[in-house]
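The structure appears below as structure tokens.
Please treat every number below as a calculation from the coordinates, not as lab data. Keep in mind the model is a prediction, meaning the values are calculated, not measured. Because the Cβ atoms are built from the backbone with ideal geometry, glycine has one as well, and the counts that use them run over all protein chains shown.
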């Protein structure tokens, strides 16, 4: 997993260079620092854990008529995302009901339908397309 840290000043670059951490590149008048962090698990284990954490958070936030409803969570194969290449990933269709999480004044102004969001997501890392209606 790679974490990119933003543009640093020259003085910060000098300090990092003497510490011998990361790699450096000049870009647009600033410095981009890239760190590589060793993870104590494989990437497929990380993805499973991330999926579990997202589903648990969704489950804990759902209740009283509000929350996340997952309608579809299927694999897909597409050639339109990146022309000339066949990409596989996960397609999800979710409905978010957010009325109880919204401020009181907005709940009084807008109708109930305004607090329902439909999300369609085609996730083929690193390519991702999300449509929210």
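Between residue 87 and residue 60, the C-beta separation translates, for a Förster distance of 30 Å, into a calculated FRET efficiency of about 0.40.
Fully extending the segment from residue 41 to residue 98 would add 17.0 nm, taking 0.36 nm per residue of separation and subtracting the current Cα-Cα distance.
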